[in-house]
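Some notes on the structure that comes next.
The values are calculated or read from the model by the stated rules, or taken from the named source; none is laboratory data. Here the structure is a predicted model, which is why all the values come from computation and not from measurement. Using ideal geometry, Cβ is built from the backbone for each residue, glycine included, and neighbour counts are taken over all protein chains shown. Heads up: the accessible areas ignore ligands, DNA and RNA and are worked out on the full protein's heavy atoms, side chains in. Shrake-Rupley method; radii C 1.70, N 1.55, O 1.52, S 1.80 Å.
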Amino acid sequence: MIIDMPDTTTNAVNKRLVRLRDEGGAIALGRVLTLVVIARESDVETSIEAANDASREHPCRVIVVAPSGRSTTPHLDAQIRVGGDAGASEVVVLRTAGPLLEHADTLVMPLLLPDAPIVVWWPGQPPASPDDDPVGVMAQRRITDSITAKDPEATLAQLATTYGPGDSDLAWARVTLWRGLIAAALDQPPYEPVTSVVVEGQAKHTSLDLLAAWLGSRLRCPAQVVRRRGAEAITRVTLERKSGPIVLDRPDGRIVTISQPGKPDRRVALPIRTLSEALIEELRRLDPDEIYGEVLTKGLQKVGA
């Protein structure tokens, strides 16, 4: 069910949510967090779809704040989505313009679930310093997506200089399965040190940088990123050792082939993670991701290109 509320206020939206709960059409009980999405208009539907998928594992109230295209004068158009249009969550879309858009914290505050953690997600260009953002200050976790920024590499470098505990990036969630496969490959004889690492893949995919930074810092060896035009996400990781390289090759974005000297090749399913899968991964923990913080602030600057 979708309810449109043009030219309204957040207090009116909150009262309508309470009435919907009392009528039995939607309930707020059992929600584990409030997910605030600061989106561009072009990202609204994609973000809601991903949040709805994530809500099936993490029931939540989703509040989307987006610019209104119909005028520049201060006003608020709201939309409430419940039931089949909201997954396992309640979705509130707030479209506004003028000074109201610059004070998103005051817009969302009346709609926050009481005594529940707050997570804020920027699906597009993030602020220069997420933990100094008016909404980011209220949140336990602040999720960015550097891959979707106008200049992904520059955005990732900026986020490294302004990192605060609780910051994270969907580009980091996209390498979780890679990290597990690489750790499993290294946990087999011969137990030789890795002398160098090369991560190859899509030119503007910042997951390459984060994976290379993690490998370089953990293995204490030089790490390099090689960008390939036309590639899909991460396509190849090479770990050089004295006895020969360990190579994880995923040219098609679906199956990775693991090659090691003296052992038969192994093929493992490793499809490129969808937006909703990456968001679900990030919502599994609400405490600061210390490893991501170290990779971003210390490991990234040591990666060669």
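Worth a mention:
- Summary of the geometry: the stretch 50-94 and the stretch 172-249, compared by the centres of their Cα atoms, lie 38 Å apart.
- Highest to lowest packing among 221-230, 162-171, 244-253, scored as the average C-beta count within 10 Å: 162-171, 244-253, 221-230
- Protection proxy ranking, peptides 174-186, 139-151, average beta carbon neighbours within 10 Å, highest first: 139-151, 174-186
- Enclosed volume per residue, in Å³, of the convex hull spanned by Cα atoms of the stretch 96-246: 136
- A 1.4 Å probe run over the protein chains yields, for the stretch 172-272, 48 Å² of accessible area per residue, whole-number rounding.
- Counting only protein heavy atoms and a probe of 1.4 Å, the accessible surface of the chain is 53% carbon and sulfur.
- With each label modelled as a point 7 angstrom along the Cα→C-beta vector, the His75-Glu192 pair spans 7.0 nm.
- Sorting 209-217, 13-21, 51-59 by their mean Cβ neighbour count within 10 Å, with the most densely packed peptide first, gives 209-217, 51-59, 13-21.
- Degrees, to the nearest 10: 176-186 long Cα axis against longest axis of the chain: 20
- Compared with the dominant Cα axis of the chain, that is its longest principal axis, helix 10-23 is turned about 90°.
- Residues of type lysines that Lys242 reaches as a straight line, Cα spacing below 18 Å, ignoring anything fewer than 8 places off in the same chain: Lys263
- For the chain, the equivalent ellipsoid derived from the Cα gyration tensor has semi-axes of 41, 19, 16 Å, listed largest first.
- Added length on full extension, which subtracts the Cα-Cα distance from 0.36 nm per residue, Glu23 to Ala88: 21.6 nm
- Separation of the Glu232 and Glu294 label points, Cα + 7 Å toward Cβ, nm: 3.3
- A Förster radius of 35 Å combined with the Cβ-Cβ distance from Leu112 to Thr274 puts the calculated FRET efficiency at roughly 0.80.
- Average accessible surface for the stretch 2-169: 42 Å² per residue, computed with a 1.4 Å probe over protein heavy atoms with every protein chain in place.
- Ignoring aspartates and glutamates fewer than eight residues from Lys298 along the same chain, the ones with Cα atoms less than 13 angstrom from its Cα are Asp209, Glu290.
- Magnitude of the charge dipole for the stretch 39-94, about its Cα centre and with charges confined to Cβ atoms of Lys, Arg (+1) and Asp, Glu (-1), is about 180 debye.
- Estimated from helical segments only, the mean residue ellipticity of the chain at 222 nm is -8000 deg cm²/dmol, where each DSSP H run of four or more residues counts as -39500 (n - 2.57).
- Placing R0 at 51 angstrom, the Cβ-Cβ distance between Lys15 and Ala184 gives a FRET efficiency of 0.45 after rounding to 0.05.
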